[in-house]
Amino acid sequence: MQTNFTKNSLLLLISFTICMLGTVKAQESTTAEDGKNIVKWNVPAVALKNYSFQYERAIGKKMSVALGVRFAPKSNVPFSSQLEKAIDDPETWNSIKDFKTGNIAITPEFRYYMGKGVFRGFYVAPFVRYAKYNAEVPFNFEVEVEDNSTTPPTTLRREEQIFLSGDVTTLTAGLMIGAQWKLSKLVYLDWWILGGSYGTSSGSISGKSKNGFDADEQQALRDALADLDELPLVKTKYTVDSEGAKVDFDGPWANIRAGLSIGFRF
């Protein structure tokens, strides 16, 4: 009798242990599946000297909201050596080789997943983006000077430069399509297939002359800045005086959005 009781107790204990392990395993699985948050890092953006992160939170069976933050320290144009070869024009390259830019952007986003549930499958995502870009660029222009030491007088050309810097602020709205996959228990892959946005921009760049500009230099700089009026869609307004120059501009702004992010769910 005691032997049967011992066997039955052992079987009951084993069964209870198996059930408990199964329950714990199920709870662990549920906890992982029910995690409502994902933090992500857009890895390929580093190649463009951008650091892009996103936080996403589920708010429904197929819906989520996200907030992205992107920043890039001020630096030269990425892939400068390849760009120099592609341009194949020394004069054009010299005008942009010292161009430096940086930016910061904040992107609120709403997502609707078209599959069985949130965080997995294809999705559509309307979004708004606020961005601020800063830039530093040396602006070259030619000044014509009359040389009266010759007969008849001759016209000489000399190159001058003014260092311009400033900021551009943009606000755009758009739509992105993407897909997200579960790679493991807590790791996800988010592919921003393609997104675009459109909106407005405004900003200014300015610079001062080291030694001051005379009348001829001021007029030459005005003539060079007048070429900015040919930029499509952008409205420019510039002022030049003996101390330097300032260019104000505003107009439409467009963005293209793509990326591949690795995420951790919790």
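Points to keep in mind about this one:
- Residue check, L156 more than 19 Å from S209 (Cα to Cα) and either small (G, A, S) or within 24 Å of the chain's Cα centre (by Cα) (or both): no
- Looking only at residues in segment 15-59 that are modelled with pLDDT of 70 or more, out of contact with any helix residue (DSSP H, G or I) (no Cβ under 9 Å at 6 or more places or on another chain) and small (G, A, S), the one that is farthest from R129 (Cα to Cα) is G35.
- Output for segment 213-263, where each listed residue is of a type in the set (A, V, I, L, M) and more than 30 Å from P44 (Cβ to Cβ): A215, A220, L221, A224, L225, A226, L228, V240, A245, V247
- If the condition is being free of Cβ contacts under 8 Å to residues at least 60 places away in the same chain and surrounded by 15 or more Cβ atoms within 10 Å (Cβ to Cβ), then segment 250-266 contributes only D250.
- Any hit, segment 175-182, residues being among the polar types (S, T, N, Q) and surrounded by 13 or more Cβ atoms within 10 Å (Cβ to Cβ): yes
- Among the residues of segment 184-206, those identified as closer than 20 Å to A258 by Cα and exposed (fewer than 13 other Cβ atoms within 10 Å of the Cβ) are L194, Y198.
- Scan of segment 60-79 for residues that are at pLDDT 95 or above and surrounded by 18 or more Cβ atoms within 10 Å (Cβ to Cβ), ordered by number: K62, S64, A66, G68, R70
- Counting the residues of segment 224-262 that are within 30 Å of L183 (Cβ to Cβ) and out of contact with any Asp or Glu (no Cβ under 6 Å at 6 or more places or on another chain) gives 7.
- Filtered by the rule that a residue be within 32 Å of the chain's Cα centre (by Cα) and surrounded by fewer than 17 Cβ atoms within 10 Å (Cβ to Cβ), segment 207-225 gives a lone residue, K208.
- Segment 223-244, residues that are within 30 Å of K49 (Cα to Cα), at pLDDT 85 or above and either assigned to a strand (DSSP E or B) or touching a Pro at 6+ places or on another chain (Cβ under 8 Å) (or both): K235, T236
Per-residue answers, yes or no, for (1) in a strand (DSSP E or B); (2) at pLDDT 95 or above; (3) out of contact with any Asp or Glu (no Cβ under 8 Å at 6 or more places or on another chain):
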| position | (1), (2), (3) |
| --- | --- |
| S95 | no, no, yes |
| G102 | yes, no, yes |
| T107 | yes, yes, yes |
| F110 | yes, yes, yes |
| K116 | no, no, yes |
| F119 | no, yes, no |
| F127 | yes, yes, no |
| Y130 | yes, yes, yes |
| N134 | yes, no, no |
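- Looking only at segment 187-217, and only at residues there that are at pLDDT 95 or above and aliphatic (A, V, I, L, M), the one that is farthest from Y113 (Cα to Cα): V187
- Pairs where the first residue, in segment 153-171, is outside the structural domain of R222 (by TED's automatic domain parsing) and modelled with pLDDT of 85 or more and the second is among the basic types (K, R) and loosely packed, with under 15 Cβ neighbours inside 10 Å, C-beta under 7 Å, 6+ apart: none
- Residue match in segment 189-202 (condition: in contact (Cβ under 8 Å) with a residue 24 or more places away in the chain, charged (D, E, K, R) and either touching a His at 6+ places or on another chain (Cβ under 8 Å) or farther than 30 Å from A45 by Cα (or both)): no
The values are calculated or read from the model by the stated rules, or taken from the named source; none is laboratory data. As the structure is a computational prediction, the values presented were derived from the model and not from experiment. Note that we place each Cβ from the backbone using ideal geometry, even for glycine, and neighbour counts take in every protein chain shown.
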